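Have a look at the structure below, then the notes.
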């Protein structure tokens, strides 16, 4: 494909000279010919240079993929929960030191910041997250996680990289390995960060609070990649503008007055209040938010009572709240509080306790950065493998770096083989989603595509003179 494109540019150059004779005055003809032909020669030189880099990267990946795959499987077998990524962080730090990067650990908890300076030029930040989820793996893989830990409630839970953070780390390690061993192909400063606690929406905030953009070279661009569970391995997705949502977690404790189930008139039943509230909350999006503004309020958990014939004192609800615009985000939180207070008041109940935690702002991909990188990615991966995606109501705290004034782009990495996707379709079932105990990427294809994507982007943004 690249050779054909180069040939077409050369053919175009041959046609330019006759074209000028029909559109330009004799006085400007020679100057325009020189300028345009010089530009075309520069373009063909750039394409040839990119072609050489792409071939070299392909050869390098053929040699490195077995090692990177082994690293991925090892990370998959040793997941750690949010705020507990101590061993994973130490491993990432050691790998980066071996490649000659300046490594600073324990930024924002277990965050690791790694800097590689390679002459003058722009600064690029590449980010991978490290934490896993409290999910007991059910993939049946030979390298499936068997890790079990006690959570903050004291319960024993399985731990699994069900959101692909092991793949994110592997691809970043592979990209840094290539850039560190091919310094003649780029120029500038690379900042590679391994972030904790993304699943809790807290890691990026913590790293920024501890000086990520002040203590270390401030990036001109920042890139990250996230696995996609429903896209074919070998493909990459992009989207300019809002791509992921504001996310807030809201806890509501409805209070009542307990008593015997046979004498409800002597009580204030918090379960009845909570049931009414669940329905009332659904009217916020349907009747208070414009249909063209995306918004979601989901009551993911409701717990109250202890026995058939006992009316308890309280009922606890857990909500996830999603939006894009700051205005809608604020409206949703205020409306939830209003509805909760009204439900309690209608039953003459005490005021409920309402808390909002783990907030993450919407992720906005910089349109200019997207426009610059997509052609390079299509050139490296073939045009049909690089596609525009749809906005998602999922959340990602990488957006905080963008809100801090850095142009950012998060790309989606297809990770499931077309064969597996076809089998799911034939069976009439969707592929396991992210956070599912049955989700797993196809390692080799995902690593090759992921490293190719991040490396191509880095070489485009940090060109050598």
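The values are calculated or read from the model by the stated rules, or taken from the named source; none is laboratory data. Owing to the predicted nature of the structure, the values given are computational and were not obtained by experimental measurement. Positions of Cβ are backbone-derived with ideal geometry, glycine not excepted, and every protein chain shown enters the neighbour counts.
Which of the numbered conditions does residue 334 fail, given that it passes all the others? Conditions: (1) surrounded by fewer than 17 Cβ atoms within 10 Å (Cβ to Cβ); (2) closer than 30 Å to residue 131 by Cα; (3) modelled with pLDDT of 95 or more.
The number of the failed condition is (2).
Is at least one residue of region 335-351 more than 28 Å from residue 266 (Cβ to Cβ), assigned to a helix (DSSP H, G or I), in contact (Cβ under 8 Å) with a residue 24 or more places away in the chain and not assigned by TED's automatic domain parsing to the domain that holds residue 239?
Yes, some residue in region 335-351 is more than 28 Å from residue 266 (Cβ to Cβ), assigned to a helix (DSSP H, G or I), in contact (Cβ under 8 Å) with a residue 24 or more places away in the chain and not assigned by TED's automatic domain parsing to the domain that holds residue 239.
So is residue 287 loosely packed, with under 13 Cβ neighbours inside 10 Å and either over 22 Å from residue 396 (Cα atoms) or at pLDDT 95 or above (or both) or not?
Numbers: loosely packed, with under 13 Cβ neighbours inside 10 Å: yes; either over 22 Å from residue 396 (Cα atoms) or at pLDDT 95 or above (or both): yes.
Criteria met by residue 287.
Going through region 391-430 one residue at a time, which ones are more than 26 Å from residue 201 (Cα to Cα), in contact (Cβ under 8 Å) with a residue 60 or more places away in the chain and surrounded by fewer than 16 Cβ atoms within 10 Å (Cβ to Cβ)?
418, 430
Residue by residue through region 61-105, note down the ones that are in contact with a helix residue (DSSP H, G or I) (Cβ under 8 Å, 6 or more places away or on another chain) and assigned to a strand (DSSP E or B).
Result: 103, 105.
Could you please find all residues in region 357-401 being at pLDDT below 95 and assigned to a strand (DSSP E or B)?
357, 358, 359, 360
Is there a residue being touching a helix residue (DSSP H, G or I) at 6+ places or on another chain (Cβ under 6 Å) and buried (at least 23 other Cβ atoms within 10 Å of the Cβ) anywhere in region 431-441?
Yes, region 431-441 contains a residue that is touching a helix residue (DSSP H, G or I) at 6+ places or on another chain (Cβ under 6 Å) and buried (at least 23 other Cβ atoms within 10 Å of the Cβ).
Residue 162 - would you say it is on the phi > 0 side of the Ramachandran plot and assigned to a loop (DSSP other than H, G, I, E, B)?
Working: on the phi > 0 side of the Ramachandran plot: no; assigned to a loop (DSSP other than H, G, I, E, B): yes.
The answer is no for residue 162.
Hey, does region 267-276 have a residue that's within 30 Å of residue 196 (Cβ to Cβ) and outside any loop (DSSP other than H, G, I, E, B)?
no
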